[in-house]
1. Within the stretch 66-83, name every residue whose backbone N is under 20 Å away from a label modeled 7 Å from Cα of residue 234 along the Cβ vector.
2. Compute the normalised compactness of the stretch 223-276: alpha-carbon radius of gyration over 2.2 N^0.38 Å, N being the residue count.
3. Between residue 56 and residue 17, what is the FRET efficiency for a Förster distance of 22 Å, r being their Cβ-Cβ separation, to the nearest 0.05?
4. By how many nm would the segment from residue 119 to residue 81 grow when fully extended, if each residue of separation counts as 0.36 nm and the alpha-carbon distance is taken off?
5. How large is log10 I(q)/I(0) at q = 0.09, 0.14, 0.21 Å⁻¹ when the Debye formula is applied to the Cα atoms of the stretch 1-149, each weighted equally and without solvent?
6. Give me the dipole magnitude in Debye, nearest 20, for the stretch 223-276 about the Cα centre, with unit charges on the beta carbon: positive for Lys and Arg, negative for Asp and Glu.
7. On a full-extension model of 0.36 nm per residue, what is the gain between residue 24 and residue 261, subtracting their alpha-carbon distance, rounded to one decimal in nm?
8. Under 16 Å Cα-Cα from residue 91, which aspartates and glutamates qualify once same-chain neighbours fewer than 8 residues away are excluded?
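What follows draws every value from the coordinates through simple rules; no lab data is involved. Predicted model, so just to flag it, every value in this text is computed and none were measured. Using ideal geometry, Cβ is built from the backbone for each residue, glycine included, and neighbour counts are taken over all protein chains shown.
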Amino acid sequence: MTLLEANRPTVEGVGGDSYLCYIKGRVKRDVGRVLVGDMVEFERTDPGEGRIERILPRTNQLVRPPVSNVTGLFVVFSLDHPRGSLELLDKRLVAAKLGGMQAEVILSKVDLSAESSELDRIENAYRAAGYPVWRTVATVGRGVEFLTAQSRQGIWVLTGESGVGKSTLLNAMLPRQETQTQQLGRSGRGRQTTRWVRLYPINGYWMADSPGYTALEATVAEGRVILSAFPEFQTFDCRFGDCLHGQEPGCEVTLAVARGEIAPWRHRHYRKLLSQWVKIY
Ligand SMILES: [Zn+2]
């Protein structure tokens, strides 16, 4: 892929044909910047060139990396080398929920994890919360089959703290492929694919490489929405009908945490998010 200047995005149409596009001034005024993942209507002008006429409504959008219309997040977490933050993992899962995205947890570098029992606890906690959890050793290609074997669609973003092995995972998936961008679209439509975020075609879906943090444009959430990102809490029948299960005396979720039936860090991070009402990274 060639990185093009920011105001000359590449749109890929039907059959992988690509167009270096200008953006109509009106489009810029209406939506600000064009994002990777945007579905656009464009006019062909010259061979291989076009003009973006309209950006179709986005289902969601991430700020960092700037990607729109995201189907799901792969949240990569390493227990050791470096030791990851479970709080950041939980925040990313909440961010996915706020954006209406799916999310799956990738435990990376599991061969370097000294504490296998801790790894088990983490895996069990996120499985209990309803997230698929995958154990990988990407350097030798172990455990990465799920990235290509499952039928997925849309755009998935590989996210996680720096050093967790995102690019190693990507390389394990793309052993022989050129790192290139492509995009799909109906006639007269295409998808914006350039800028420093890259989209890689994987079996039927697109993987966006994402250096650094992932943040959502939506920065404030309702308590109920935050709660919905912790589905394992719902399995406990709280006696208080409108309870947010923070630390109300007698709350069944709080009691379940005390009994060890809910991962204590999950409840701690949940309470922190409830109290902050701030930007979700
Ligand atoms: Zn409760």
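1. In the stretch 66-83, the label zone of residue 234 (backbone N under 20 Å from the point 7 Å along Cα→Cβ) covers 72-73.
2. In units of the globular-protein estimate, the stretch 223-276 measures up at 0.99.
3. Once the sixth-power term is evaluated, E becomes 0.70.
4. 12.3 nm
5. -0.43, -0.81, -1.21
6. Its charge dipole is roughly 240 debye.
7. Residue separation times 0.36 nm, minus the Cα-Cα distance, leaves 79.8 nm.
8. Within the straight-line limit of under 16 Å, residue 91 reaches these aspartates and glutamates: 104, 161, 217, 222, 232.
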